[in-house]
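The values are calculated or read from the model by the stated rules, or taken from the named source; none is laboratory data. All figures in this text were calculated on a predicted structure; none of them were measured in a lab. No Cβ is skipped: glycine too gets one built from the backbone with ideal geometry, and neighbour counts run over all protein chains shown. The accessibility values were calculated without ligands, DNA or RNA, using every heavy atom of the protein model including side chains. Shrake-Rupley method; radii C 1.70, N 1.55, O 1.52, S 1.80 Å.
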Amino acid sequence: MASPPVIAVVGAGFSGVMTALHLLRDGGAARVILLEWRSPVGLGAAYATHNPSHRLNVRAGNMSAWPDRPGDFTAWMRGQGLDVGPGDFATRGDYGRYLQGLLAEAASGPEAAGRLVIAPDEVVGLEPGGDGWRLTTAMGRPIPANAVVLALGNPPPCRPAGVDDALAASPAYVADPWRWDPKALPPGPVLLLGTGLTMVDVALSLEDALPGRPIIALSRRGLTPREHEGEPPEHPPAAPSSDLSPLGAAAWLRRTAGVHGWRTAVDALRPATQDLWRGWSVARKQAFLRHARPFWDVHRHRLSPEVAARLANLRQASRLKVAAGKIVRLDEGADGRVEGAWRPRGEMDAQPFTVRAVINATGPTGDVARSREPLVLDLIRRGLARPDPLRLGLDVDVDNRLVDVAGAAAASLFAVGPATRGAWWEINAVPDIRGQAARVAKAALAAVR
């Protein structure tokens, strides 16, 4: 009797877990190997937090893991005795427990017997081999697979300008804002580089662990995420045509916001964003990223009312200062302090400052060519993958198959989640990824059959 085909899923955050679950749900006799070197498995960076201040920025009613079971997450919350309705914002820790429960249920169910293997190891290399691929792990063991799905999640942030090698090696600098201990920082003010969602998480973590510590958050424009407000309308406006130019989409947003408010307008545009993005030329996409992206991000990816209220309180109490400008200089002093200077936006003269720590809160790396992930580097070095034209992630075709250096799509090598951002743009939130994971699982199964 022939052995069943093997599909390896690399990464066990939301993208990888949901791809594996769809493979088990619809996969017949295929075996699934889910590889993840981080612990615990099934959470990724987003949901590994235990801080109740870290909340989802999407209402619970739209956070079901299953596209065809929209009430699954809220039903799970009720089953846990948690008073979170469809219009509320659950904690990210609770959502992580929900995902782990789905994975545990699948692993223990009769349909998964002998079909799911969870391997706590890092994949550092990938090459064609046998009837598919041969993965190499950090432990040195080769793993053969007939198809591979890369669910790499959001990459860690790049080192910002102004952080030299000496400061990067100093305990006064935190490179990874998702894996650090606030209580390990020395007393004194802290500089956060970035003012987006990552900054919000870091600021709340600092305030919870060390109340009253002065925090300065700096970015080029000083823009911060806006707040969700009220329930979405029962009958939202229809999405615009998907053939609009960036200027046409902006004009549609202004008109719709004038009638319905900006939140409703942005939400109404969401179903069309992927089609709009794919229809734009590279030059138009570059123009959007250069001029409009910061404004889109803060209006599109909003804060729950609870988080927004806490952030506002920090700012009103002058414990959090948000500034717009550019770092001119950062140097570690002999006493462990960081001496620096920044130039406010629109001004010529730099202003000095002194802090006890600098935290990189710029968010996920926006340039895959600067990736430090061994697997990504190996794929590009071998020519099995290439950056997309904007270098936001890896180049994929319309079926999420990786495109190699010659422009050919691999038959059985796929990517899902943020690694495909260059192709789809809006592919970070659960509502976007859950549909993509189902499609990738279906395509991977077709490839091995």
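Identify which of the listed values of Rg/Rh (Cα atoms, Kirkwood Rh) was calculated from the structure shown: (i) 1.01; (ii) 0.96; (iii) 1.13.
Computed from these coordinates, Rg/Rh (Cα atoms, Kirkwood Rh) corresponds to label (ii).
Pick from Ala175, Ala265, Ala166 the residue whose mean-square fluctuation is largest in a GNM of the chain, springs joining Cα atoms under 10 Å.
Evaluated over the chain, the most mobile residue of the options is Ala166.
Explain nothing, just the number: dipole magnitude of the chain about its Cα centre with +1 on each Lys and Arg Cβ and -1 on each Asp and Glu Cβ, in debye rounded to the nearest 20.
It comes to approximately 720 debye.
With charges set only on the Cβ (+1 for Lys and Arg, -1 for Asp and Glu), what does the dipole of segment 184-331 come to about its Cα centre, in debye to the nearest 20?
The dipole of segment 184-331 has a size of about 740 debye.
Just tell me which lysines come within less than 24 Å, Cα to Cα, of Lys442; anything on the same chain fewer than 8 places away is out.
Within reach: none.
Just Pro240, Pro389, Pro211 to compare: in a GNM of the chain, with alpha carbon springs under 10 Å, which one fluctuates most?
Its mean-square fluctuation being the largest, the pick is Pro211.
Within the chain, what's the longest run with no GluC sites (Glu not before Pro) in a DSSP loop and at most 14 other beta-carbon atoms within 10 Å? Give the range, please.
1-228
For segment 265-305, what class follows from the C-alpha gyration tensor (a ≥ b ≥ c being the square roots of its eigenvalues): rounded when a/c is under 1.5, otherwise prolate if a/b is larger than b/c, else oblate?
In terms of gyration-tensor shape, oblate.
In whole percent, how big is the carbon plus sulfur part of the accessible area of the chain, probe 1.4 Å, protein atoms only?
The nonpolar share, carbon plus sulfur, comes to 53 percent.
Can you give me the accessible area per residue for segment 173-318, using a 1.4 Å probe, in Å²?
49 Å²
For the chain, what's the relative contact order in percent, using C-alpha pairs closer than 8 Å and at least 6 residues apart?
Relative CO of the chain lands at 20 percent.
Give the ranking of Thr198, Thr136 by solvent-accessible surface, highest area first, calculated with a 1.4 Å probe.
Ranking Thr198, Thr136 by accessible area, largest first, yields Thr136, Thr198.
Can you give me the long-range amide H partners of Ala217? Hydrogens built in the peptide plane at 1.01 Å from N, cutoff under 5 Å, separation of 5 or more residues or another chain.
Amide H to amide H, under 5 Å and 5 or more residues apart or across chains, Ala217 pairs with Leu192, Lys321, Val322, Ala323.
Straight distance only, please: which aspartates and glutamates reach the Cα of Lys183 with their own Cα at less than 18 Å, same-chain residues fewer than 8 apart left out?
Filter leaves Asp201, Glu207, Asp208.
Relative contact order, percent, of segment 244-344 when contacts are C-alpha pairs under 8 Å separated by at least 6 residues?
16 percent
Who wins for biggest fluctuation among Asn360, Asn313, Asn146 in a Gaussian network model of the chain, springs between alpha carbons below 10 Å?
Comparing Asn360, Asn313, Asn146 in a Gaussian network model of the chain, the most mobile one is Asn313.
Putting +1 on Lys and Arg Cβ atoms and -1 on Asp and Glu Cβ atoms, find which of Ala406, Val430, Pro389 reaches farthest to the positive end of the dipole of segment 321-439.
The residue sitting farthest along the positive end of the dipole is Val430.
Quick check: residue separation of Arg97 and Asp26 times 0.36 nm, minus the Cα distance between them. What number comes out in nm?
The span from Arg97 to Asp26 would gain 23.2 nm if fully extended.
Ranked highest first by average number of other Cβ atoms within 10 Å, how do 218-225, 418-425 line up?
Order by mean packing, descending: 418-425, 218-225.
Report the accessible area of His291, computed with a 1.4 Å probe over the heavy atoms of all protein chains in place, in Å² rounded to the nearest 10.
120 Å²
Placing unit charges on C-beta atoms (Lys and Arg positive, Asp and Glu negative, everything else neutral), compute the dipole magnitude of segment 322-449 about its Cα centre in debye, rounded to 20.
Computed charge dipole of segment 322-449: roughly 320 debye.
Gap in Å between the Cα centre of segment 121-151 and the Cα centre of segment 237-284?
Value for the Cα centre distance between the two parts: 40 Å.
Quick check: with the 1.4 Å probe, what order do Arg343, Arg213 take by accessible area, largest first?
The ordering from most to least exposed comes out as Arg343, Arg213.
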